[in-house]
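Report on the following structure.
The values are calculated or read from the model by the stated rules, or taken from the named source; none is laboratory data. Since we're looking at a predicted model, the values are computed, not measured. All Cβ positions, even for glycine, are placed from backbone atoms using ideal geometry, and neighbour counts span all protein chains on display. All accessible areas refer to the heavy atoms of the entire protein, side chains included, with ligands and DNA or RNA removed. Shrake-Rupley method; radii C 1.70, N 1.55, O 1.52, S 1.80 Å.
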Amino acid sequence: MSVKLRLEIQSFVCFALAATLAVAAVQAQSTAPVATVRPKLETPALFDDEAGGEADADDPSIWLHPVAPAKSVMVGTKKNAGLSVYDLAGQELQAVSAPPPPTPDDAPGRFNNVDVVYGFTLGGRSVDLAVTTDRGRDKLRIYTIDPAKAAQSQAPLVDVTDPDAGFVFSADQAQVNEQTTAYGLALYRNRDSGRTFAFVSQRSRTAIAKLELFDIGGGQVGYRKIAEVVLPESFTLPNGTSWTPCNDPGDLAQVEGMVVDQELGILYAGQEDVGIWRISAAFEAASPVLVDKVREFGVPYTYDTEEEECVINYAADPGYGGKYLSADVEGLTIYYTASNQGYLLASSQGDDTFAVYDRRGANRFIGSFAIADNRRRGVDGAQECDGAAVLNVPLGPAFPLGLLVTQDGANTPDVLDAEGEARDNTNFKFTPWQRVAQAFSAPLSIDTTSWNPRTGYRL
């Protein structure tokens, strides 16, 4: 039976704000320096037009090969164009198309976010899964990852999705076509029970569903919803006024970027125009805590109907926002080190930076960095970043101290169409972790041996 935990806005928010919004009436912008990091390589450019197959890079996930780390791969979503699998040189090994619409009048498949999980039991054997949210069809698509194929630089993904899997949020196809559908995604394998879960956010709404993945037989994987949390859509500010984040008419402050701390059982969820929430992965006893807010939190605005955009009045900023994030909060990922230490990384899309937080306790802010152009290698930086993934373990000679992959929402150089207009151009950047760690005046940890994502345990 589905357990739905709807948080009453007034009572919950008053409590949460008392704990997390007790700030001065006027809060200065952060003056902390932003470290500069340069990527090593990038994937081929993707073009969101008819000639490019409507390919738009969005979210990456890194899969660790069980015996040949240099043959690990990155799986990245491309929205209408499905997803691609890349090797550690950034070359495409496989392209998977999003499914067509059920009828010409329905929405087609559109792959939004992706994650991987290790050690799922399917047909009596242990397999690794790559799972993506199909925003167009309001479903999950589930793939096994074949290590032998990856080792031979061949296409490693095999679709094992239950063909009868239901919608995640919609009651019927008519609701699916309204596209308040499956959006963000984070996977979690409970190491005590061995059960595997997917946390899925809802586009244009504030809900996050918890689904359990299970073997339905015949080599296929299904899922069922077991719980749901609904985050606030408006907030009572310390001055007693009410504030609702600005969105297109009819839309609420959605969540996209999410990650689960696999050791501590904590879900981090980025509510794009609000901030980062910390939620128990148990969900049945969830008490979300807002650990940091975007700078725009509580700032008055108007909605320009002609331009269809929010106009934020920074001159009237009451000072209730955070210092380190500019809306939207996007890709979240975790770097693990010894003794439950490490870092939570968040894409601050509004200012093209990444915020780094302590993984422990109250998630103390540590610093920010930006991924800038590497002109020597002819690789540009990462701007308007939607998704990110980091892995601490050695990945062969190319990335012996770990890897950070980031989506670049404004890839350059520009490529012009027949009319001389720049084509929408996106891709993924690969950055050695040590470049991030050593960019800070007090370097971040580099720990390649204390934790391994394949086991979920310390080595």
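Given the peptides 97-106, 362-371, arrange them by the average over their residues of other C-beta atoms within 10 Å, most packed first. Before the final figure, lay out the partial values.
Values: 97-106: 13.2, 362-371: 19.0.
Order by mean packing, descending: 362-371, 97-106.
In whole percent, how big is the carbon plus sulfur part of the accessible area of the chain, probe 1.4 Å, protein atoms only? Show your work: numbers first, answer last.
Values: 8780 of 18240 Å².
That fraction is 48 percent.
Please work out whether region 123-236 counts as rounded, prolate or oblate from its C-alpha gyration tensor, where a ≥ b ≥ c are the square roots of the eigenvalues and a/c under 1.5 means rounded, while otherwise a/b larger than b/c means prolate and anything else oblate?
On the way: a/c = 2.00, a/b = 1.70, b/c = 1.18.
Prolate, because a/c is 1.5 or more and a/b exceeds b/c.
Share of antiparallel DSSP beta bridges in the chain, in percent to the nearest 5?
90 percent
In whole Hz, what ³J(HN,Hα) sequence does region 223-239 give by Karplus (6.51, -1.76, 1.60; θ = phi - 60°), x for Gly and Pro?
Karplus-based 3J(HN,Hα) across region 223-239 equals 8, 9, 7, 10, 6, 8, 10, 10, 6, x, 10, 8, 9, 8, 7, x, 8 Hz.
Measuring from centroid to centroid over Cα atoms, what is the spacing of region 299-372 and region 136-190 in Å?
Taking the Cα centre of region 136-190 as reference, the centre of region 299-372 is 28 Å away.
For the chain, which longest stretch is free of loop sites, where a loop site is one of the GluC sites (Glu not before Pro) that DSSP puts outside H, G, I, E and B and that has at most 12 other Cβ atoms within 10 Å? Mind dumping the intermediate values first?
On the way: sites that count: E8, E50, E284, E306, E307, E308, E419, E421.
The longest uninterrupted stretch comes out as 51-283.
Across the chain, how many lysine pairs, 8 or more apart or on two chains, come within less than 18 Å at their alpha-carbon atoms?
Summing the qualifying lysine pairs gives 14.
Once phi is turned into θ = phi - 60°, what whole-Hz ³J(HN,Hα) does the Karplus curve with 6.51, -1.76 and 1.60 give for every residue of region 184-196, x standing for Gly and Pro?
Running phi through 6.51 cos²θ - 1.76 cosθ + 1.60 with θ = phi - 60° gives x, 8, 8, 9, 8, 10, 6, 6, 7, 8, x, 7, 10 Hz.
So what are the ³J(HN,Hα) numbers for region 398-414, from phi and the Karplus equation (6.51, -1.76, 1.60; θ = phi - 60°), rounded to whole Hz, Gly and Pro as x?
Residue by residue, region 398-414 yields 6, 9, x, 10, x, 9, 10, 10, 10, 6, 10, x, 9, 5, 10, x, 5 Hz.
Subtracting the Cα-Cα distance from 0.36 nm times the residue separation, let me have the gained length for Q434 to D146 in nm, one decimal. If you can, show how the numbers build up before the last one.
Working: separation 288, 0.36 × 288 = 103.68 nm, distance 2.91 nm.
Full extension from Q434 to D146 adds 100.8 nm.
With +1 on each Lys and Arg Cβ and -1 on each Asp and Glu Cβ, and nothing else charged, work out how big the dipole of the chain is about its Cα centre, in Debye to the nearest 20.
Details: 37 positive and 60 negative charges, 522 e Å.
Magnitude of the dipole: close to 2500 debye.
For region 315-459, just say rounded, prolate or oblate: build the C-alpha gyration tensor, square-root its eigenvalues into a ≥ b ≥ c, call rounded for a/c under 1.5, and beyond that prolate if a/b exceeds b/c, oblate if not. Provide the component values of the computation, followed by the final result.
Values: a/c = 2.28, a/b = 1.28, b/c = 1.79.
Here region 315-459 falls in the oblate category.
Give the shape of the chain as rounded, prolate or oblate, defined through the alpha-carbon gyration tensor: a ≥ b ≥ c are the square roots of its eigenvalues, a/c under 1.5 means rounded, and otherwise the shape is prolate if a/b is larger than b/c and oblate if not. Can you show the working numbers first?
Values: a/c = 1.26, a/b = 1.17, b/c = 1.08.
Note, shape of the chain comes out rounded.
Tell me, what is the per residue accessible area of the chain in Å², probe radius 1.4 Å? It would help to have the intermediate numbers written out before the result.
Numbers: 18240 Å² over 459 residues.
Heavy-atom SASA per residue in the chain reads 40 Å².
DSSP loop trypsin sites (Lys or Arg not before Pro) in region 108-210 with at most 16 other Cβ atoms within 10 Å of their Cβ, which ones?
Qualifying residues, ordered by number: R191, R195.
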